[in-house]
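Notes to accompany the following structure.
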Amino acid sequence: LGAPARAHRPRPRTTTAVTGIGTLVTNDPSLGAGPLGLVRDAAVVIEGGHIAWVGPSDRAPAADNRVDAQGRALLPGFVDSHSHLVFAGDRTEEFNARMSGRAYSAGGIRTTVAATRTASRNVLSDTVGRHVREAFRQGTTTIEIKSGYGLTVDDEARSLDIAAAHTDEVTYLGAHIVAPEFADRPEDYVALVTGPMLDACAPRARWIDVFCEQGAFDGDQARTILTAGAARGLVPRVHANQLSYGPGVRLAVELGAASADHCTHLTDEDVDALANGTTVATLLPGAEFSTRSPYPDARRLLDAGVTVALSPDCNPGSSYTSSMPFCVALAVREMGMTPDEAVWAATAGGAAALRRTDVGRVAPGARADLTLLDAPSHVHLAYRPGVPLVAAVWKDGVLGH
Ligand code: NIG
Ligand code: FE
């Protein structure tokens, strides 16, 4: 038998060997030491958009291209499971007022809603792209993006379309606050969010989120909205227990939400619910930093056996940072996490919060989403806060800037 005709052969994919990795974080305990699956003096082979091989550098197979990491650390690209990037305008004044003593409240969201509604699609899309690139330069290769500054059927649908041009992880957050037009009839707004707005948004999103908080939506309203979304195939995630104690976390666990986000004010019952459920606790320390609030107690959650993720919560109000390294440093310094736990939460934890197994780890078959640090170890992300340590980032096997 002769060789099959050339046209029928699969095209060989380019391979790249990254060798001389001082510390490789795989997040796969079968590949290396501890929960981070650490491998010293490692190499990784990328084939097309995926990881083909992981092992000791001196046993790396031949590849088309070779990159010498020169003893530096290589990590899975960060997985940011919580951002609000479809917005226009600026809330510098609100931030300034807070830094002079004013408290943060959900009401500031209205400022951004007004600006977002009047912005053009191009301006909004440019803003999203700019922030996605900003996050990428800091090592983030997967990012979830929420709507929530439109709050009309058309503005929410438009926000989701803009988000979808930049990510697969799109979240319908029509229930961010009650739209200003409905201020004196919130139940009519819930009917809109679960009716015509859901009709328009369900086909455009993977997830549904609700801001369950005083000044936003109470537990009953959140339940109604999340249940309606789930009936349309959207998977719940919840802004829960950010500014005060409340029903958000327990509701998230009860409904099997992928994630309960913020988790700043937790009772023992909330912690038990998370520990006994499947919902990831996503901690957003940029919000506490920028609102001068007490940080969530990550140690308490980890000691109870809860799966913890970290995200910057990039938005123009409560947390205008896209930097996962900044969050890792805050989580270690202020929230009782070890550097290993924080790096896991920023990679594998984010993947768990998005129910993804193809990202957040460096193992054969995973996506070749990788972050190379200008440092010998991942611990430097916390040890050297504020220093731009990200040297290179690969997304789907492509080296980007
Ligand atoms: O995650 N908490 C609600 N949503 C955002 C804040 C949005 C805003 O202030 O514009 C958050 O912190
Ligand atoms: Fe948020």
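A short reminder: the numbers here are calculations on the coordinates, not readings from a lab. Fair warning: this is a prediction, and the values are worked out from it, not measured in the lab. Positions of Cβ are backbone-derived with ideal geometry, glycine not excepted, and every protein chain shown enters the neighbour counts.
Quick one: what are the phi-derived ³J(HN,Hα) couplings along the stretch 313-321, Karplus 6.51/-1.76/1.60 with θ = phi - 60°, whole Hz, x for glycine and proline?
6, 4, 7, x, x, 8, 6, 8, 9
Return the percentage of antiparallel bridges among DSSP beta bridges fully within the stretch 78-353, rounded to the nearest 5 %.
5 percent
Please list the non-local residues whose amide H lies under 5 Å from the amide H of residue 307, H modeled 1.01 Å from N, same-chain partners needing a gap of 5 or more.
It is 281, by chain and number.
Provide the gained length on full extension for the span residue 100 to residue 117, in nm with one decimal, where the gain is 0.36 nm per separating residue minus the Cα-Cα distance.
Working it through step by step, the gained length comes to 3.2 nm.
Just to confirm the filter: which trypsin sites (Lys or Arg not before Pro) across the stretch 267-301 are DSSP coil and have at most 16 other Cβ within 10 angstrom of their Cβ?
Hits after loop and neighbour filter: 292.
Under a GNM of the chain (C-alpha, springs under 10 Å), which listed residue has the highest mean-square fluctuation: 99, 335, 324?
Of 99, 335, 324, the Gaussian network model singles out 99 as fluctuating most.
From the phi of every residue in the stretch 381-394, what ³J(HN,Hα) in whole Hz does the Karplus formula 6.51 cos²θ - 1.76 cosθ + 1.60 yield, where θ is phi - 60° and glycine or proline is x?
My calculation for the stretch 381-394 gives 4, 9, 6, 10, x, x, 9, x, 8, 7, 8, 7, 9, 10 Hz in order.
Using label points projected 7 Å from each Cα along Cα→Cβ, tell me how many nm separate residue 33 and residue 70, to one decimal.
2.5 nm
When the chain is treated as a GNM, springs tying every alpha-carbon pair under 10 Å, which of 34, 248, 349 comes out with the largest mean-square fluctuation?
Of 34, 248, 349, the most mobile in the Gaussian network model is 34.
Based on the alpha-carbon gyration tensor of the stretch 172-239, what equivalent-ellipsoid semi-axes (square roots of 5 times the eigenvalues) come out, in whole Å, largest first?
Value: 18, 13, 9 Å, ordered largest first.
Running a GNM on the chain with Cα contacts under 10 Å, which residue among 323, 125, 100 ends up with the highest mean-square fluctuation?
100
Can you compute the charge dipole magnitude of the chain about its Cα centre, using +1 on each Lys and Arg Cβ and -1 on each Asp and Glu Cβ, nothing else charged? Give it in debye, rounded to the nearest 20.
Magnitude of the dipole: close to 1300 debye.
For each of 74, 373, count neighbouring Cβ atoms within 10 Å of the residue's Cβ, then give the residues from fewest to most.
373, 74
Could you please report the charge total around residue 271, scoring K, R as +1 and D, E as -1 over all other residues with beta-carbon less than 13 angstrom from its beta-carbon?
-3
What distance in nm separates the two pseudo spin-label positions at residue 396 and residue 231, each 7 Å out from Cα along the beta-carbon direction?
3.6 nm
For a test of the definition: using alpha carbon positions, the gyration tensor, and the 1.5 limit on a/c, classify the chain as rounded, prolate or oblate.
prolate
By the scheme Lys and Arg +1, Asp and Glu -1, what is the net charge of all other residues having a beta-carbon under 9 Å from that of residue 200?
My count for the surroundings of residue 200 gives -2.
Just to verify a number: FRET efficiency for residue 214 and residue 267, C-beta to C-beta distance, R0 = 22 Å, to 0.05?
0.85
Estimate the FRET efficiency between residue 133 and residue 387 by the formula 1/(1 + (r/R0)^6), using the beta-carbon distance for r and 22 Å for R0, to the nearest 0.05.
Efficiency at R0 = 22 Å is approximately 0.65.
What FRET efficiency do you get for residue 191 and residue 244 if R0 is 25 Å and r is their Cβ-Cβ distance, rounded to the nearest 0.05?
0.45
Round to a whole angstrom and tell me the spacing of the C-alpha centers of the stretch 165-223 and the stretch 291-314.
The stretch 165-223 and the stretch 291-314 have Cα centres spaced 25 Å from each other.
If Lys and Arg each add +1 and Asp and Glu each add -1, what is the summed charge of the other residues whose beta carbon sits under 10 Å from the beta carbon of residue 373?
+1
With label points built 7 Å along Cα→Cβ from the Cα atoms of residue 303 and residue 126, find their separation and express it in nm.
Between residue 303 and residue 126, the label points sit 5.1 nm apart.
Work out from phi, with θ = phi - 60° and the Karplus expression 6.51 cos²θ - 1.76 cosθ + 1.60, the ³J(HN,Hα) of each residue of the stretch 271-282, listed in order in whole Hz, and give x for Gly and Pro.
Computed from phi, the couplings for the stretch 271-282 are 5, 4, 4, 4, 5, 9, x, 10, 7, 7, 8, 9 Hz.
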